[in-house]
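Novice: Sharing a structure below in structure tokens format, with a few things to ask.
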Amino acid sequence: MRIDRRLIKNFDWISFSLVTLLSVMGIMTIYSATRSPLPGGEMPSYYIKQLYWLLLSVAAMIAIVSFDYIWLKRFSYVLYGVGIFLLLLVLFHGRTGMGAQRWLNIGIFSFQPSEVFKLFYVITISRYLSETQGKVGLISLLKTFFLLAFVPVVMVIKQPDLGTAVILLLVLLSLISTKGFQKKAIALIILISLVSVPFIGNIMWEGLKDYQKNRLVAFLEPEVDPAGIGYHINQSKVAIGSGNFIGKGYLKGTQGPFRFLPEKHTDFIFAVFAEEWGFAGSAVLLLLYLSLILRGLDTARKAKDEFGSLLATGISFMFTIYFFINIGMTLGIMPVVGVPLPFMSYGGTSLLANFVAAGILISVRTRRFELFY
Amino acid sequence: MLAGYLIVALFFILAIRLWQLQILQGSEYRKLSEENRLRIIRIAAPRGIIYDRNSIALVKNTPYYTVSLNPQALGRVDIPYLAELLKIDRDYLTEKINEQQKRSLYEPIRLREGLSAKEIALIEARRSDFPGLAIEVDVSRDYLFGSVGAHLIGYLGKPNEFQSRNPDFRDVPSDAFIGQWGIERLFDRQLRGTPGERIIEVDALGRELRLLREKSAVRGEDMRLAMDIHLQKEAEESFGEKTGALVAMKPDSGEILAFVSKPSFDPNLFARGIKYRQWEELNQNRKLPLLNRALQSQYPPGSTFKIVTAIAAMEEGAIDTDTKATCNGGIAYGRWHFGCWRKTGHGTLSLHRALVESCDVYFYEAGKKLGIDKLASYAKELGLGRESGLEMVRERRGLIPDTKWKQEKRKQPWYLGETFNAAIGQGYVAVTPFQMAQMMSTVANGGYIYRPSLLMLGSKPEPIEKVNIKQETLDIVKKALFGVVNENGGTGWSAKSSMVSICGKTGTAQVVGLRKESKYLTEMQRDHAWFVAFAPYEAPEVALSVMVEHGGHGGAAAAPIAKRAIEAYMKSGIQAAGASQSMSPRTVPGSIGQNVQSAEDRNENRQTSH
């Protein structure tokens with residue numbers, strides 16, 4: 001395969017710079033969050049591992065960009081099948097961590113299949129919708145849901161990973177609404193929602209594990225149980241709030257390294273960042289993510305075909321949803337559902353998957369002038 | 001496009017929330033994060049030591065251990081194991097933890113206090129099993145002489161609600177011991193010292209990471225009491241099971257040498273964190289061990305008051321040394337009969353013998369000539385009916401009645417019969433044991449009143465008053481008081497000492513109006529026994545009053561206690577002076593002490609001496 005010159009000329013340096021910058025900030029924050037509180041104490045190697053994953057992820061992203069994303073369309077159902085298989089594997093052979101079975105051990109490292117699956121899922125839905133004509137009607141809405149979303153959502157709930165399940169549904173909804181609804185379909189969605197909320201609420205509540213119930217209760221009333229689950233939220237708020245306007249300074253934060261804040265380098269990394277960089281730094285971070293997402297939506301508008309457009313939309317929405325749930329959780333305005341912050345949270349699979357996703361975005365934008373041949 | 005706006009709106013929500021947490025509530029959260037990270041560990045200041053006048057330590061500082069738990073380490077604590085280690089009930093522990101948890105996230109939960117050093121060692125050995133378990137050390141006291149001098153020395157205890165709000169205790173932590181009684185309370189500020197503190201940085205498990213600042217504790221001032229522990233101890237022991245009080249003073253300075261209130265209590269109970277049951281027991285004890293009888297109880301002085309009557313009558317010219325009276329066992333006044341304690345009568349006697357034998361009739365006559373108002377004014381001048389100024393407890397003032405008082409309080413005129421009663425220290429007259437000791441001190445030192453001092457004084461103080469009584473009058477009275485103890489027929493014969501020349505006066509204060517032989521009365525109806533004394537006769541070094549509640553006759557019940565106490569003080573003086581100087585004059589029995597002998601022929605007064 002030959003590398004088109006235009007590929008380099010039209011390369012989306014902005015998106016590339018944004019995600020790389022965010023990841024470097026993430027590694028810096030991981031370093032600060034996990035540093036030993038004792039002078040001269042042992043330094044855990046999380047940040048090194050994350051750095052290796054970043055290098056691997058950048059390589060993967062470049063590889064993705066160099067292939068035309070049309071290949072993704074062709075192999076989407078295969079990818080989807082692989083994803084479902086991985087989810088099945090994790091259900092039967094998964095490693096349990098923090099009360100949920102989410103990891104698969106492969107040799108020396110373990111990874112989270114749901115992180116990989118969400119990508120295949122966006123690709124497959126994009127293909128499926130790009131091949132339907134006109135607005136989404138009743139029948140095709142139900143077909144899409146039961147064909148593509150129902151099985152993985154149930155499997156992810158089984159892990160249990162409520163956060164990812166919700167995200168899968170939201171991604172589906174956002175993609176379909178991008179395509180456009182028929183009036184009947186909107187009416188049905190509203191009707192189903194109204195009728196099913198009490199039912200589903202009840203069934204879901206019964207089906208929830210104790211720690212999930214606690215998280216919901218803690219979200220609604222964090223002061224009830226300050227040393228338990230509400231403790232996460234409170235300590236996160238303390239970390240963020242104590243940053244004030246300019247922050248305590250890099251490597252000057254105390255909530256993370258002194259272990260007051262749990263999950264400091266994974267789900268709650270934003271709290272560590274906000275403590276050290278304050279409102280000023282946090283606002284900049286918010287703007288970086290907003291730029292990435294808006295650029296993704298712009299890519300969707302400019303994409304050369306509907307598949308590319310849906311792909312860019314789905315990925316942008318996915319970033320948005322992850323970002324909003326994660327930051328909202330650390331700020332105490334969303335329940336604690338255990339969702340990582342894209343590009344910053346510690347975790348190799350997540351980083352790799354997000355870079356691949358960003359690679360697809362870049363690929364769609366870079367190839368917007370190409371014609372079919 | 002719509003999606004774009006939606007996303008920008010979402011980001012705005014996040015930014016607003018950030019603004020709220022970091023800017024609007026920023027300082028609050030900054031404080032919370034500091035509270036997370038910083039622990040202020042108080043270092044208790046060693047409390048000043050309390051010594052007696054001969055520099056014998058009366059108290060010792062002891063550590064008071066408290067085990068507490070950092071609530072943030074709760075999740076990692078095995079509660080049943082912890083309950084077993086601390087020897088407390090598991091349910092009680094769980095309840096305590098839950099209760100405290102509701103109140104504060106950061107404040108350590110105090111699990112148990114007052115542990116012994118042995119228990120602490122045991123816990124220390126298992127410390128690694130319990131992250132977040134902290135052992136705090138506070139300073140408490142060991143009262144080395146137990147209940148001896150408890151009313152004077154006092155005790156430490158936890159501050160009550162009123163005290164914790166008092167600005168005097170602002171820098172005292174709410175759980176620290178403070179002086180609650182006696183010297184410990186009166187001089188708490190000096191004894192307390194200034195606690196130091198260590199500001200350390202800790203992690204979520206409460207492990208110390210770094211010492212940020214340290215201020216060392218400043219030891220409290222030592223206190224040297226005027227009290228002589230040998231005298232105090234001997235005095236308390238000589239009371240045995242009897243209730244009562246003894247106050248001994250140095251006549252030439254007002255220093256308080258002994259301060260006894262019996263029964264006493266063990267101040268160590270308080271200093272080790274008194275249990276409710278023990279507190280109840282002390283409070284409900286019928287003998288009221290917590291009552292400071294030297295200041296908080298008042299009694300009729302009985303015949304010890306004749307000292308005052310004699311002085312007043314001589315000063316006012318109502319009598320002189322030659323004035324005689326004839327006692328036939330009582331006098332008639334109207335339709336009343338005022339009896340002498342000795343029903344067979346004393347015959348004709350002068351003032352000297354009237355004091356020695358404590359003849360009531362003589363003092364009825366003297367009182368009649370003198371009048372109540374003049375008697376009262378001398379009594380007041382000698383310090384009776386007046387507060388001590390010690391501020392140790394809420395004390396009783398006693399009562400010296402006169403016509404004005406009777407008119408104001410009782411709306412009745414004064415009757416002569418009441419003068420008779422007052423002249424022999426009965427009727428309305430009431431005094432505290434402290435007042436009687438001070439009165440005796442003033443008689444002994446030639447008419448000076450010193451400010452009473454609980455602390456040893458460095459130099460001889462200036463008297464605060466000179467009573468308007470002629471030296472000659474005092475000399476006559478002192479000679480008679482010597483006779484009371486040392487002459488034939490003296491009512492205070494049982495205080496006679498071969499070691500030192502003791503002067504004194506017995507008193508038997510009626511509790512009930514009837515004059516009956518004591519064997520017919522129940523214990524609570526029995527008379528109070530008094531003995532007031534000073535010694536040595538020539539150059540008084542100690543003046544005291546002894547009061548035995550329901551002790552019966554003063555000569556029998558109170559005088560021996562006074563004698564033992566005085567002798568103990570003299571011996572203690574020898575011990576103390578022995579090291580530095582040759583014996584001081586006070587240790588040599590006076591010549592007059594040698595003159596009067598023959599303890600054998602002290603006839604029938606043995607049983608009924610007044």
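Novice: From the set of residues in segment A:293-346 that are within 11 Å of chain B (Cβ to nearest Cβ) and either charged (D, E, K, R) or in a loop (DSSP other than H, G, I, E, B) (or both), which is surrounded by the most Cβ atoms within 10 Å (Cβ to Cβ)?
Specialist: A:331
Novice: Within segment A:38-69, work out how many residues are part of a helix (DSSP H, G or I) and surrounded by 15 or more Cβ atoms within 10 Å (Cβ to Cβ).
Specialist: Selection size over segment A:38-69: 13.
One line per residue, one yes/no per condition, for (1) buried (at least 20 other Cβ atoms within 10 Å of the Cβ); (2) in the same structural domain as residue B:538 (by TED's automatic domain parsing); (3) within 30 Å of residue B:332 (Cα to Cα):
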position	(1), (2), (3)
B:447	yes, yes, no
B:466	no, yes, no
B:479	no, yes, no
B:505	yes, yes, yes
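Novice: Within segment B:6-32, take every residue that is at the interface with chain A (Cβ under 7 Å from one of its Cβ atoms) and polar (S, T, N, Q) and give me the one that is surrounded by the most Cβ atoms within 10 Å (Cβ to Cβ).
Specialist: Of everything passing the filter in segment B:6-32, B:22 is surrounded by the most Cβ atoms within 10 Å (Cβ to Cβ).
Matching residues to (1) modelled with pLDDT of 95 or more; (2) within 19 Å of residue B:424 (Cα to Cα); (3) of a type in the set (Gly, Ala, Ser):
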{"site": "B:471", "(1), (2), (3)": "no, no, no"}
{"site": "B:487", "(1), (2), (3)": "no, no, no"}
{"site": "B:492", "(1), (2), (3)": "no, yes, yes"}
{"site": "B:495", "(1), (2), (3)": "no, no, yes"}
{"site": "B:498", "(1), (2), (3)": "no, no, yes"}
{"site": "B:508", "(1), (2), (3)": "no, yes, no"}
{"site": "B:520", "(1), (2), (3)": "no, no, no"}
{"site": "B:523", "(1), (2), (3)": "no, no, no"}
{"site": "B:526", "(1), (2), (3)": "no, yes, no"}
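Novice: Please specify each residue of segment A:282-292 satisfying the condition of being among the small types (Gly, Ala, Ser) and more than 10 Å from every other protein chain (Cβ to nearest Cβ).
Specialist: A:291
Novice: Scan segment A:273-281 and tell me whether some residue there is in a loop (DSSP other than H, G, I, E, B), facing chain B (nearest Cβ under 7 Å) and out of contact with any strand residue (DSSP E or B) (no Cβ under 7 Å at 6 or more places or on another chain).
Specialist: no
Novice: Quick check on this structure: which one of A:117, A:111 is crowded, with 19+ Cβ neighbours inside 10 Å, closer than 22 Å to residue A:89 by Cβ, among the hydrophobic types (A, V, I, L, M, F, W, C) and at pLDDT below 85? Spell out how you get there, then give the answer.
Specialist: Values: A:117 fails: at pLDDT below 85.
Just one listed residue meets the conditions, A:111.
Novice: Within the set of pairs 6+ apart or on separate chains, which have a first residue in segment B:548-559 that is farther than 9 Å from residue B:530 by Cβ and in contact (Cβ under 8 Å) with a residue 40 or more places away in the chain, a second that is of a type in the set (Val, Ile, Thr) and assigned to a loop (DSSP other than H, G, I, E, B), and C-beta atoms under 8 Å apart?
Specialist: B:549/B:243; B:550/B:243; B:550/B:511; B:555/B:491
Novice: A further question follows. Could you go through segment B:348-364 and let me know if any residue there is surrounded by fewer than 18 Cβ atoms within 10 Å (Cβ to Cβ) and either more than 17 Å from residue B:507 (Cα to Cα) or not assigned by TED's automatic domain parsing to the domain that holds residue B:438 (or both).
Specialist: Yes, that holds for at least one residue.
Novice: Among the residues of segment A:31-45, count how many are over 16 Å from residue A:276 (Cβ atoms) and more than 12 Å from chain B (Cβ to nearest Cβ).
Specialist: Within segment A:31-45, the subset over 16 Å from residue A:276 (Cβ atoms) is A:36, A:38-45.
From what's left, more than 12 Å from chain B (Cβ to nearest Cβ): A:42-45.
Of the residues in segment A:31-45, 4 are over 16 Å from residue A:276 (Cβ atoms) and more than 12 Å from chain B (Cβ to nearest Cβ).
Novice: Kindly evaluate residue B:303 against the criterion of being assigned to a loop (DSSP other than H, G, I, E, B) and crowded, with 17+ Cβ neighbours inside 10 Å.
Specialist: Answer is no for this residue.
Novice: Quick check on segment B:128-157: of everything there that is touching a Phe, Trp or Tyr at 6+ places or on another chain (Cβ under 9 Å) and acidic (Asp, Glu), which residue is nearest to residue B:279 (Cα to Cα)?
Specialist: Ranking the qualifying residues of segment B:128-157, first place goes to B:138.
Novice: Moving on to the next point. When you go through B:156, B:191 one by one, which is the residue that is closer than 27 Å to residue B:216 by Cβ, of a type outside the set (D, E, K, R) and in a strand (DSSP E or B)? Let's see the steps before the verdict.
Specialist: Numbers: B:191 fails: in a strand (DSSP E or B).
It is B:156.
Novice: Hand me the list of helices (runs of 4 or more DSSP H) wholly inside segment B:223-299 holding 2 or more residues that are more than 14 Å from the chain's Cα centre (by Cα).
Specialist: Of the helices (runs of 4 or more DSSP H) lying wholly inside segment B:223-299, those with at least 2 residues that are more than 14 Å from the chain's Cα centre (by Cα) span B:229-239, B:268-271, B:276-284.
Novice: Applying the selection to segment B:71-92, what residues are at pLDDT below 80 and either surrounded by 12 or more Cβ atoms within 10 Å (Cβ to Cβ) or more than 14 Å from every other protein chain (Cβ to nearest Cβ) (or both)?
Specialist: B:71, B:72, B:73, B:74, B:77, B:78, B:79
Novice: Determine whether segment A:358-365 contains at least one residue that is more than 14 Å from chain B (Cβ to nearest Cβ), under 30 Å from residue A:5 (Cα atoms) and in contact with a strand residue (DSSP E or B) (Cβ under 9 Å, 6 or more places away or on another chain). First the steps, then the outcome.
Specialist: The first filter runs over segment A:358-365 and keeps only residues more than 14 Å from chain B (Cβ to nearest Cβ), leaving A:358-365.
Retained after the next criterion (residues that are under 30 Å from residue A:5 (Cα atoms)): A:358-365.
Imposing the further condition that a residue be in contact with a strand residue (DSSP E or B) (Cβ under 9 Å, 6 or more places away or on another chain) reduces the set to none.
No: zero hits.
Novice: (1) among the basic types (Lys, Arg); (2) outside any helix (DSSP H, G or I); (3) facing chain B (nearest Cβ under 8 Å): which one isn't true of residue A:237, the others all being true?
Specialist: Failed condition: (2).
Table: residues versus (1) crowded, with 21+ Cβ neighbours inside 10 Å; (2) outside the structural domain of residue B:354 (by TED's automatic domain parsing); (3) basic (Lys, Arg).
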site: B:386; (1), (2), (3): no, no, yes
site: B:391; (1), (2), (3): no, no, no
site: B:398; (1), (2), (3): yes, no, no
site: B:401; (1), (2), (3): yes, no, no
site: B:404; (1), (2), (3): no, no, yes
site: B:425; (1), (2), (3): yes, no, no
site: B:432; (1), (2), (3): yes, no, no
site: B:439; (1), (2), (3): yes, no, no
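The values are calculated or read from the model by the stated rules, or taken from the named source; none is laboratory data. Given the structure is predicted, the values throughout are model-derived calculations rather than measurements. Heads up, the Cβs are rebuilt from the backbone with ideal geometry, glycines too, and the neighbour counts pull from every protein chain shown.
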